[in-house]
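One structure below.
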Amino acid sequence: MTVAIVLLALLGGAWLLAVIEGWVTTGRLRPGAPMLSGLAYLGRESIVPRSPDRVFFEAAPVLLLVVAVLGAAVLPLAPDLIIADLGTGALFVNAALAYVLVALIMAGWGPDGAYAMIGGWRFLGQLIAYSMLIVMPITAVAMRAESLVNTAIVGSQTSLWNIVYQPLGFVLFIIAAMALAFRSPFDLPTAEGELAGGVDAEYTGVRLAVLRLARLMLVVTLASAATVFYLGGWHGPLLPPWAWSLIKTLAVAVLMLLAGRYLPRIREADLMRWCWTLGIPLALLNIIIVGVLILVVP
Amino acid sequence: MYAQAFFVAVFGLAAIGFGVVVFRTSSMVRSALALLFSQTAVGCMFLAMQTEFLGVLQIMMMATEMSIMAIFMVMFMMDPGGLGGMDMSHQKRFSIGAGVSAAAVAIAVALLSDWGPVAEQVADAEAQTRALGMELLGRSMMIFETAGITILTAMIAATAVAIPVQNLASKDDKEASE
């Protein structure tokens with residue numbers, strides 16, 4: 001039952017994001033559009049490029065989808081609405097999301113296309129930039145909760161949300177999450193203007209539909225992670241816990257979407273430089289501040 | 001208990017299977033990712049053996065490490081896609097001999113060691129993680145910190161070596177001329 005609810009929430013979130021994305025881009029609110037374009041994808045020819053690495057080509061979209069679902073499986077929507085409340089939940093989110101990279105390398109290498117391959121390897125560089133900014137803020141979150149269990153992390157924010165307790169960590173995490181979900185302005189692996197779609201370029205039909213769905217789900221999973229780690233998870237007045245989780249997750253996802261719309265695509269080298277020379281020292285500072293706060297403030 | 005043994009065996013066989021694929025393919029990326037999935041299967045063995053932290057850590061670390069290895073293999077091999085019929089094995093007899101004897105030693109160690117009684121109860125994942133943390137920052141701190149510093153030194157040294165000497169020389173020249 002819980003599995004079905006979480007999957008439905010993921011699908012619903014992906015649908016809402018697609019609707020909002022369409023609304024912001026075209027100025028028209030069309031709730032049916034994601035379903036229609038999904039159906040259209042199913043009807044289209046799904047072309048296999050010449051001499052592909054067939055295993056990678058077929059596995060990549062599915063792996064991306066599985067990764068997004070696995071990440072969501074350890075994030076609680078409500079105290080008892082979680083698929084698996086692992087003892088190492090916060091670490092598991094990282095472990096699952098590390099395979100986004102593997103999926104994109106597969107999607108890049110598989111179709112035997114130049115643009116796709118550049119996109120795939122680009123994401124490897126992107127990971128070198130953002131990965132520390134995912135792990136180190138989560139470390140500070142786990143420090144406060146004195147646990148890697150995600151429900152305990154939400155529990156630690158009963159009196160004060162982490163966004164107030166460690167705002168620096170929240171900002172770094174959101175930026176890194178946008179880079180992980182390769183949303184604009186970090187959409188280097190797909191970069192429509194310069195790479196003609198990059199890792200998406202050679203995918204058509206049903207495979208592209210899976211890839212698009214997986215990407216939207218990934219955003220929802222990351223927004224849900226931000227909710228659990230920084231926005232007090234299910235805590236909130238009046239409404240039931242699951243409703244708060246959904247509202248916050250959607251708000252973070254929309255924030256990520258809108259922030260990306262008004263920023264130009266960043267250059268790979270700049271991303272790397274800023275993440276390493278500015279991001280990592282800030283993340284370390286965040287850990288130190290949180291450590292001092294934990295020791296000094298009772 | 002039997003279910004656990006079953007899953008350990010299944011993931012163990014998967015690890016060996018992917019390990020074989022590493023050497024059976026000529027594509028560098030396939031080879032690297034086969035090694036990745038072999039290591040992931042080892043991580044799943046840890047999970048099946050209820051050592052959750054180690055399992056999740058193994059699964060997480062390998063994804064990035066093997067992907068980085070893949071790009072180095074693509075950069076440095078003359079036929080990264082394996083489409084040119086390149087044979088990447090060499091010293092075949094010696095390799096087979098070394099492989100068979102290493103496997104024999106590993107199996108002998110597994111069978112002949114006294115592993116002690118099988119634990120009936122294990123601490124839950126949270127308690128294990130805490131115990132591991134206490135170990136890493138207590139008794140074993142020196143070993144791990146030394147290893148960490150050594151790796152960091154090696155990374156800095158490797159980066160220093162990789163920086164083109166030309167730039168430094170031209171900068172020196174400029175300073176000398178000023």
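A short reminder: the numbers here are calculations on the coordinates, not readings from a lab. Please read all numbers here as calculations on a predicted model, not as lab measurements. Please note: Cβ atoms are built from the backbone with ideal geometry, for glycine as well, and neighbour counts cover all protein chains shown.
Taking the Cα centroid of region B:134-151 and of region B:59-85, what is the distance between the two, rounded to the nearest whole Å?
After rounding, the separation between the Cα centres reads 30 Å.
Taking GluC sites (Glu not before Pro) that fall in a DSSP loop and have at most 14 other Cβ atoms within 10 Å as cut points, what is the longest piece of chain A between them?
A:147-298
Could you tell me whether region A:94-237 comes out rounded, prolate or oblate from its Cα gyration tensor? Rule is a ≥ b ≥ c as square roots of the eigenvalues, rounded for a/c under 1.5, then prolate if a/b exceeds b/c, otherwise oblate.
Since a/c reaches 1.5 and a/b is larger than b/c, the shape of region A:94-237 is classed as prolate.
Around A:ALA107, under 15 Å between beta carbons, what's the net of Lys plus Arg minus Asp minus Glu among the other residues?
Value of the local net charge: 0.
Report the normalised scattering of region B:1-81 as log10 I(q)/I(0) at q = 0.11, 0.13 Å⁻¹, calculated by the Debye formula with identical scatterers on the alpha carbons.
Each listed q corresponds, in turn, to -0.32, -0.43.
Could you give the radius of gyration (one decimal) and Dmax (whole number) of the Cα atoms in region B:1-160, in Å?
Using the Cα atoms of region B:1-160, the pair Rg, Dmax is 19.2, 54 Å.
If you average the sequence gap of Cα pairs under 8 Å that are 6 or more apart and divide by the length of chain A, what percent do you get for the contact order?
Once normalised by length, the contact order is 26 percent.
From largest to smallest, what semi-axes in whole angstrom does the protein assembly as shown give when each is the square root of 5 times an eigenvalue of its alpha carbon gyration tensor?
Computed over the protein assembly as shown, the values are 34, 31, 28 Å.
Could you please state, rounded to a whole Å, how far the C-alpha centre of region A:1-75 is from the C-alpha centre of region A:212-290?
20
Hey, got the average number of other protein chain Cβ atoms within 10 angstrom for residues in A:46-56?
So the per-residue partner count for this stretch is 2.
Using Cβ counts within 10 Å as a stand-in for footprinting exposure, how do A:ASP85, A:ASP53 rank, fewest first?
If I rank by nearby Cβ atoms, fewest first, I get A:ASP85, A:ASP53.
When Cβ neighbours within 10 Å are restricted to other protein chains, what is their mean count per residue of peptide A:144-151?
For peptide A:144-151, the averaged partner shielding equals 2.
Once every DSSP H run of n ≥ 4 in chain A is given -39500 (n - 2.57) and the sum is divided by its residues, what mean residue ellipticity at 222 nm do you get, rounded to the nearest 500 deg cm²/dmol?
-23000 deg cm²/dmol
Note down the net charge around B:SER67, summing +1 for each Lys or Arg and -1 for each Asp or Glu among other residues with Cβ under 14 Å from its Cβ.
Neighbour charge sum, excluding B:SER67 itself: +1.
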